[in-house]
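Below: one structure, written as structure tokens.
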Amino acid sequence: MSGTDDALYERLVAFVGRSAASAGTGKDPVNLPMIRHWCEAMGDTHPAYEGSDAVAPPTMLQAWTMGGLSGHTARSSAYEELFALLDGAGYTSVVATDCEQEYLRPLRPGDEIGFDTVIESVSERKTTKLGTGHFVTTRTDVRAGGELAGTHRFRILKYAPAARPSRKPAARRPRPVVNRDNAGFWEGVAGHRLLVQRCGDCAELRFPWLPGCNACGSREWDTVEASGEGTVYSYVVMHHPSFPAFDPPYAVGLIELAEGVRMISNVVGVPYDKVRIGMPVRLEFLRVDEELELPVFRAGGED
């Protein structure tokens, strides 16, 4: 690093160990409605997450500490000061890179949540494909009734975007991974049929294709052909990062089929910023090159 970089890094590491949130409290106790919404969104039907003896899914650990749009009064100024310092040095872009959670005890409905967050580390300057910047890691200790229930480490990269190379000829989309567990699905796509697995014992429908039923564990199954009707259950608009053969921004939807299962695919037929939750869509097959055809969902029209 240059002398200027050394001086900046010394200022950055001075934030390590400082509190980003102190004596924070969850805005709601652990509760069944929130657990139900989470499980529905994730498609998780595990019986441990419902009923009178329910526990919260462990991966909801961070959810109980979130402040929502109004934020948390327990937040300190250290994190904002650190970001302002990075912004002033030209590292104005941010991307989340990874998180790491440790679970020490299950959370149950009624648990009151408390937490403290500390700035755990700031890396030296790193150069990535996105650009050059610093990784910042925070650690949140989550407590239930004063007892440590888990920790959540969250890492972001604050960076100065790298110059974009000149546009290359359009690349081919990645090929799907076809194996013995999902070959039947892709055979259906080749015949313009969207096939959904059905358990041979409990008749539970499942998607994506799996070797066993996630409801009863049976390995017996057959298929039903989806009607092609569906609605947008949720969606994201992809801006970054860019991938070869994709031209952002574009909408990626979680589509709820009329049969009740959900699948991820592109929403076409309307501009990306016109996609809405609840929008009716219809299956069609898009040929993206001479070898590859994919199921996508066309919206009926703009709002």
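Quick one, can you get me the convex hull of the C-alpha atoms of the chain expressed as volume per residue in Å³? The partial results should precede the final answer.
Details: hull volume 53.9 nm³, N = 303.
Convex hull volume per residue, Cα atoms: 178 Å³.
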Karplus 3J(HN,Hα) series, Hz, for segment 214-225 with 6.51 cos²θ - 1.76 cosθ + 1.60 (x for Gly, Pro): 7, 9, 10, x, 5, 9, 8, 7, 9, 10, 10, 8
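Of the peptides 41-48, 279-286, how do they stack up when ordered by the mean number of other Cβ atoms within 10 Å, highest first? Walk me through the numbers on the way to the answer.
Values: 41-48: 12.0, 279-286: 17.2.
Result, highest mean first: 279-286, 41-48.
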For segment 46-51, 3J(HN,Hα) per residue [Karplus equation, 6.51 cos²θ - 1.76 cosθ + 1.60, θ = phi - 60°, Hz, x = Gly/Pro]: 4, x, 5, 9, 9, x
Folded to 0 to 90 degrees: helix 78-88 orientation relative to the chain principal axis, Cα: 80 degrees
Helix-only [θ]222 nm of the chain, DSSP H runs n ≥ 4, -39500 (n - 2.57) each, per residue, nearest 500: -4000 deg cm²/dmol
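With the contact rule set at Cα under 8 Å and sequence spacing of 6 or more, what percent relative contact order holds for the chain? Walk me through the numbers before you get to the answer.
On the way: 584 pairs, mean separation 39.6, N = 303.
Rounded, it is 13 percent for the chain.
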Degrees between helix 32-42 axis and first principal axis of the chain (Cα, 0 to 90, nearest 10): 60 degrees
For segment 22-103, fraction of C-alpha pairs farther apart than 21 Å, in %: 49 percent
FRET efficiency, 1/(1 + (r/R0)^6) with R0 22 Å, evaluated for D222 and R282 via beta carbons: 0.35
Estimated vicinal HN-Hα couplings, Hz - segment 101-108 in sequence order (Karplus 6.51, -1.76, 1.60; Gly, Pro = x): 10, 10, 10, 10, 7, x, 9, 10
Cα-projected label distance for D87 with R172, points at 7 Å along beta-carbon direction, nm: 4.5 nm
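Is the shape of segment 213-303 best called rounded, prolate or oblate, per the rule: a/c under 1.5 gives rounded, else a/b larger than b/c gives prolate, else oblate, with a ≥ b ≥ c the square roots of the Cα gyration tensor eigenvalues? Don't jump to the answer; show the numbers that get you there.
Working: a/c = 1.81, a/b = 1.48, b/c = 1.22.
Judged from the Cα gyration tensor, segment 213-303 comes out prolate (a/c at least 1.5, a/b above b/c).
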Residue with peak Gaussian network fluctuation, the chain [Cα springs, cutoff 10 Å], from F15, F185, F246: F246
For N31, distant residues with modelled amide H under 5 Å away: G110
Translational diffusion of segment 1-149, µm² s⁻¹ [Kirkwood Rh, Cα pairs; Stokes-Einstein; 10 °C; 1.306 mPa s]: 91 µm²/s
Listed peptides 214-226, 247-259 by packing density, highest first (mean Cβ within 10 Å): 247-259, 214-226
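Rule-based calculations on the coordinates, nothing more; no lab input. Source: prediction; values computed, not measured. Here Cβ is always computed from backbone atoms with ideal geometry, including for glycine, and neighbour counts include all displayed protein chains.
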